[in-house]
1. Has the range 92-99 got any residue that is part of a helix (DSSP H, G or I) and within 20 Å of M430 (Cβ to Cβ)?
2. Would you point out the residue of the range 52-66, among those that are of a type outside the set (S, T, Y) and touching a Ser or Thr at 6+ places or on another chain (Cβ under 9 Å), that is farthest from Q194 (Cα to Cα)?
3. Would you please name the residue that is modelled with the lowest pLDDT, looking only at residues in the range 317-375 that are polar (S, T, N, Q) and surrounded by fewer than 18 Cβ atoms within 10 Å (Cβ to Cβ)?
4. Restricting attention to the range 220-273, which residues are closer than 28 Å to S298 by Cβ, buried (at least 20 other Cβ atoms within 10 Å of the Cβ) and among the hydroxyl-bearing types (S, T, Y)?
5. Select from the range 279-314 the residues that are among the aromatic types (F, W, Y) and not in a loop (DSSP other than H, G, I, E, B) and write down the one among them that is surrounded by the most Cβ atoms within 10 Å (Cβ to Cβ).
6. Among the numbered conditions (1) more than 28 Å from I398 (Cα to Cα); (2) in contact (Cβ under 8 Å) with a residue 60 or more places away in the chain, tell me where Q35 comes up short.
7. Has the range 292-313 got at least one residue that is β-branched (V, I, T), out of contact with any Pro (no Cβ under 7 Å at 6 or more places or on another chain), within 28 Å of G183 (Cβ to Cβ) and in contact (Cβ under 8 Å) with a residue 24 or more places away in the chain?
Amino acid sequence: MDPVALGEHWLAGLLLLLYTGVLLYHARVGQRQSQGMADYYVGGRNMGGVVVGVSFFATFASTNSYIGHAGKGYEYGLPWMVMPVFIVVFTYLSWTSVAPRLRRFTSHWDALTLPDYLEARFGSAGGYLRVTAGLVIMFASLLYLVAIFKGAGNLFQVFLGVRYEVAVGITLTVVMLYTSIGGFVSVVRTDVVQGILMVLGSVTIFYFVTDAAGGIGRLPELAATADTASLFTWSGGIPFMVLVGIALSGSLKLLVDPRQVSRFYALKDERSVRTGIWVAVIGIALIQLSLFPVGIYSHFLLDAVSDTDMVIPTLVNDPQVFPLWVADCLVIAILAAAMSSMDSVLLVGASVLYKDLVETFHPTGHPLTWTRVGVVGLAGAAAIIALEPPGGIVEITIFSGSLYAVCFFPAILFGLHWRRGSAAGVLASMGVGVTVLLAWMLWGGSGYLHEVFPALAASCLVYLLMAWRSAPALTSWPRIDSRE
């Protein structure tokens, strides 16, 4: 560690201790309120729209937004603003097309995880659908955690002079403790705190970066300069259809990612859904629309950046951009962004590990103990991989989003709104979708058309064809016109 950096940023150290204390307090509250699996996994299905709405946007807006996506604006320019627009639109679609029915259906079948729901919805002789879906979630969760660890490690390394490996270890210890102890209640309570910090932090970053760059109105200067003019053309930094594919795969997660849709399991009634919509949409809009332009303005402040994941950490550490006390506060806000996603991913991954994998083959009498062990194991594995990450933050998170889209989009969206469908159809759509996704990437087609387009089209087509040939499912189909 750099003693000089730690001495200069004493406020950040103090805030970090204070923040950790708040997290551990909520962990203790969560532990007291988690008396069974439903409490630990989905908060007893008794949460209001405001807290779940905040948790929804706080869970999504991780270091992939603060560091990864904000940095990519430096490389892709103004067209990159397609991404936040997609995110806001898909947040609204998630709360209107998925949340109401998924809340009712999971409550009706007492489903606690996404594979649990899929098996109840479609049936699955031998548990093949449950296990396959569980393995997909475990793999994608591991990838996502690696990306978040990378973002947190880069931030601490640049800002506090802490070695990358030590920074990953600190992040691991904190998030592992409060998530494993308190479960869903702890995660949502801390997300509320973290969500507020994230909104304030994102607006603060936009204000100080644009101010240091000379004001919001300076962008035309970049358009008039030969070296940066490509930032203002639709296919300058990246082919436009590839960019739209990145935006689509990143946004589809809001409809199908287990860490997002698991929030809907916890909503207590219809009124909570209607409230949560606007909390989630407004919160996500403030964060994304503040952060995504930052990379473009960074061209006035930084030269020849090769690793765009370092744009935000470098700016935060620059006293010409951020006063020292502001930078110290921002470190905590960005750390909150990392924690708010990590805790949700860890809880979802560990819940699936026990409920859909371990319990399927070897039921035990201690589900919460096994789930807590799963949190620790999954966090540790991700931290080890993050020491030598396989790619950049955006690339890793976008791939995990594409994987979720091709595997779960047909089953969730069509399965909620159409009675037809079968476990065999879901498994076939998953297999075909993943195969096309990987084949398209290996063939090199991603340079012209993002792999999510052909893979998602193939996945949906297979599901629809097999569902059309199947009988209408489920005599116990939940009522969809109920009002609590």
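The values are calculated or read from the model by the stated rules, or taken from the named source; none is laboratory data. Quick caveat, the model's predicted, so the values are computed rather than measured. Neighbour counts run over all protein chains shown; Cβ positions are idealised from the backbone, glycine included.
1. There is at least one residue in the range 92-99 that is part of a helix (DSSP H, G or I) and within 20 Å of M430 (Cβ to Cβ).
2. If we filter the range 52-66 for residues that are of a type outside the set (S, T, Y), which is where we start, we get 52-54, 56-58, 60-61, 64.
After this cut, where a residue has to be touching a Ser or Thr at 6+ places or on another chain (Cβ under 9 Å) as well, the list is 52-53, 56-58, 60-61, 64.
Values: V52: 13, G53: 13, F56: 11, F57: 10, A58: 7, F60: 12, A61: 10, N64: 15 Å.
Top of the filtered list is N64.
3. Restricting to residues being polar (S, T, N, Q) and surrounded by fewer than 18 Cβ atoms within 10 Å (Cβ to Cβ), the top hit is T364.
4. S249, S251
5. Here the answer is Y297.
6. Status for Q35: all satisfied but (2).
7. At the first step, the residues of the range 292-313 found to be β-branched (V, I, T) are 294, 296, 305, 308, 311-312.
From the residues that got through so far, the ones that are out of contact with any Pro (no Cβ under 7 Å at 6 or more places or on another chain) too are 294, 296, 305, 308, 311-312.
Filter once more, keeping what is within 28 Å of G183 (Cβ to Cβ): none.
No - not one qualifying residue is present in the range 292-313.
Rundown of residues vs (1) out of contact with any strand residue (DSSP E or B) (no Cβ under 9 Å at 6 or more places or on another chain); (2) modelled with pLDDT under 85; (3) assigned to a helix (DSSP H, G or I); (4) of a type in the set (V, I, T), yes/no style:
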{"residue": "V166", "(1), (2), (3), (4)": "yes, no, yes, yes"}
{"residue": "L172", "(1), (2), (3), (4)": "yes, yes, yes, no"}
{"residue": "G183", "(1), (2), (3), (4)": "yes, no, yes, no"}
{"residue": "V188", "(1), (2), (3), (4)": "no, no, yes, yes"}
{"residue": "V192", "(1), (2), (3), (4)": "yes, no, yes, yes"}
{"residue": "G214", "(1), (2), (3), (4)": "yes, no, no, no"}
{"residue": "L222", "(1), (2), (3), (4)": "yes, no, yes, no"}
{"residue": "I246", "(1), (2), (3), (4)": "yes, no, yes, yes"}
{"residue": "S249", "(1), (2), (3), (4)": "yes, yes, yes, no"}
